[in-house]
Each structure stands twice: as C-alpha cells, then as structure tokens.
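The values are calculated or read from the model by the stated rules, or taken from the named source; none is laboratory data. Being a predicted model, the structure only gives us computed values, none of them experimental. Cβ placement follows ideal geometry from the backbone for every residue including glycine, while neighbour counts extend to all protein chains displayed.
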Amino acid sequence: MLVYGAYGTGKTTLMGSAVDIPGMRDVLLVDAESGDLALHDNPRVKMPDEIEVARVTNFMQVARVQEFLRAHVVRRDKDDVEGMRQVEAYLKGVDVSEIKQPRRFRTVIIDSLSEVESYCMSGLLGLNEGEVLTGAADDVDVARFDEFRKQNIMMQMLVRALRDLPMHVLFACSQQYNQDELKRMHYGPQMTGKLAMQVQGFMDVVGLLKTGTIDETGQAPRRLYVQPVERFDAKNRRAAFKGTHLDNPTMTTVFQAFGLDK
C-alpha cells in the first residue's frame, strides 16, 4: 500500500496504527524523515512503543534494511530464533548477546519514499551534506539524464524487492501536482518523472490522504481516497471494498474495509 498526501495530513499516523493489529505485528518503521514523534501521545495509535524504528540517512542504509528483512523472514518462517537474533544484531550493529528476544516482523513502513528517492540521487551525485553546508555548494554536480536513469532503475529495484517480501509493506509519500493544458491540477505521489506512475503499478492500494476543515473540537477530519474520483491518482485492487474512500482511517478500519481481518 502506498499513501500520499500533503505534509501533516497524518500519513505516518495512519501507517503507524498498523501496530494495533495483532496480525501486523511486529512493525518496523524505516524512518527517513525523523517523523516518528507523530506516533507518540497520539490517540490514533495505541501502542507506539511497540514499533521498532530504524533511522536512515542515505540510500544504502535503506538497501541494508531490505537485505535484513529478506534474511529475517526466512528465519522467521522457520522459527529459527537464533538466526533471527543474529540478523537483528547485524541490523542494529550490536553484539548478538544484546538481542534477548528477537522481533518477528510482519509489517515494514517506509516513511517516506520521496525522501528515500532524494537520498538515492544524493548518493549518485556523491553529495556529502556536511561539505555542502560548509560552503562547497558551488562545486555540487547537477543531475543529468544518466543520473536520472540510474535513479529510476535503483528505485524500481528497491520498491520491487520490498514489495516481494512476505509481509505487509506500507509506503508513505509526499504529494505533487502537474497542470494540464487547461491549467487544471492533477495530484499524485511526489516522485521524479515516470517513477511517480511506475511505483503505483507495484501496489495493491494507492491512496490519497486529505484533511478537512478543523471542527469545534479542534480536530481535522481525514479522508483516504482509494479511487480516482477527482483529479488525483488512486487505485484499489481489493475487490472486497467497493467504495471510493474511508473517513478518519486507521489500519484497523482499512483492514476491515478490505476484508483482511478474517
């Protein structure tokens, strides 16, 4: 599932609420935006402390997490506790003795795919954030066709590899818009070029999360569109759900609506 929307609409909250579903635990949040604070003291997420957070700051770290999950699920499905301890210790960079009870991950959240793509391009350009901030910005290379082509290939490979894991895979993404010849805006996930449409093809569900006007209680209602009823991208392959949207969604209500809570 990919959920996109403007900043502050609650994408991280929606996906983090997966931890409240027993069948989706354990949950690993791959945090590329330092956005896990949104999960705490949040009435929509009942068990935020049960979410394992892996903070990433470059593309190779995200790839390393994918490699960990690929090794982890093999050992998880074999109930190989010692093997799970070893690969979890590798991910965290600690001695295996520090992993007393390994996690059994059934859900991974990528927050956000837009930021991971930005990391990918930075890596291709050989950018070092520290050097740029200390005055070397004039020497930064500009991305050309070859870098964009490599970025597209690398991101497609990463998304496919994550999608193919035997677990729930949830992607958060920022939103962007394009204008047609009539100056009408069309919204979609914030990805570069064709990648914005290509990644949608890998998903079972693509949803646009929007917020409404703040009510008298100070809360803003949220609506998750899973059908393109207006000028935005959305899709739903789950035949069990015939509607166009869900109001104030959590992963529990999404599971129920899509017939996955059986």
Subject >> Any chance THR253 is within 28 Å of ARG25 (Cβ to Cβ), of a type outside the set (Gly, Ala, Ser), without any contact (Cβ under 8 Å) to a residue 12 or more places away in the chain and surrounded by 15 or more Cβ atoms within 10 Å (Cβ to Cβ) >> reply: yes
Original post:
Can you pull out the residues in the stretch 17-34 that are more than 24 Å from THR57 (Cβ to Cβ) and either hydroxyl-bearing (Ser, Thr, Tyr) or surrounded by fewer than 17 Cβ atoms within 10 Å (Cβ to Cβ) (or both)?
Top reply: SER17, PRO22, GLY23
Original post:
Which residues, counting only those in the stretch 138-179, are out of contact with any helix residue (DSSP H, G or I) (no Cβ under 8 Å at 6 or more places or on another chain), closer than 17 Å to ARG70 by Cβ and outside any loop (DSSP other than H, G, I, E, B)?
Top reply: MET157
Original post:
List pairs: first in the stretch 1-12 and more than 19 Å from PHE202 (Cβ to Cβ), second β-branched (Val, Ile, Thr) and surrounded by fewer than 21 Cβ atoms within 10 Å (Cβ to Cβ), Cβ under 7 Å, 6+ apart or cross-chain?
Top reply: THR9/THR211
**OP:** Filter the stretch 149-169 for residues that are surrounded by 19 or more Cβ atoms within 10 Å (Cβ to Cβ) and out of contact with any Leu (no Cβ under 8 Å at 6 or more places or on another chain) and give the result.
**Re:** LEU158, HIS168
Subject >> Search result, residues across the stretch 180-238 that are more than 21 Å from LEU14 (Cα to Cα) and either among the hydroxyl-bearing types (Ser, Thr, Tyr) or assigned to a loop (DSSP other than H, G, I, E, B) (or both) >> reply: ASP180, GLU181, LEU182, LYS183, ARG184, THR192, GLY193, LYS194, GLU216, VAL229, GLU230, ARG231
Original post:
Which pairs do you get when a residue that is without any contact (Cβ under 8 Å) to a residue 40 or more places away in the chain, found in the stretch 103-129, comes within reach of a residue that is of a type in the set (A, V, I, L, M) and buried (at least 21 other Cβ atoms within 10 Å of the Cβ), reach meaning Cβ atoms under 9 angstrom, with the pair 6+ apart or on two chains?
Top reply: SER118/ALA32
**OP:** Could you grab me the full set of residues in the stretch 48-81 that are surrounded by fewer than 15 Cβ atoms within 10 Å (Cβ to Cβ) and among the aliphatic types (A, V, I, L, M)?
**Re:** MET60, VAL74, VAL81
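One line per residue, one yes/no per condition, for (1) assigned to a helix (DSSP H, G or I); (2) modelled with pLDDT under 95; (3) touching a Pro at 6+ places or on another chain (Cβ under 9 Å); (4) not basic (Lys, Arg):
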position: VAL65; (1), (2), (3), (4): yes, no, no, yes
position: PHE68; (1), (2), (3), (4): yes, no, no, yes
position: ARG76; (1), (2), (3), (4): yes, no, yes, no
position: VAL94; (1), (2), (3), (4): no, yes, no, yes
position: GLN101; (1), (2), (3), (4): no, yes, no, yes
**OP:** Among the residues of the stretch 181-224, count how many are out of contact with any Lys or Arg (no Cβ under 6 Å at 6 or more places or on another chain) and within 20 Å of PHE258 (Cα to Cα).
**Re:** 8
**OP:** Count, please, the residues in the stretch 89-116 that happen to be in contact with a strand residue (DSSP E or B) (Cβ under 9 Å, 6 or more places away or on another chain) and more than 20 Å from MET1 (Cα to Cα).
**Re:** 3
**OP:** Give the stretch 162-216 a look and list any residue that's hydroxyl-bearing (Ser, Thr, Tyr) and touching a His at 6+ places or on another chain (Cβ under 7 Å), or say none.
**Re:** TYR177
**OP:** For ASN236, state whether it is over 16 Å from the mean Cα position of the chain (by Cα) and under 30 Å from ASP77 (Cβ atoms).
**Re:** yes
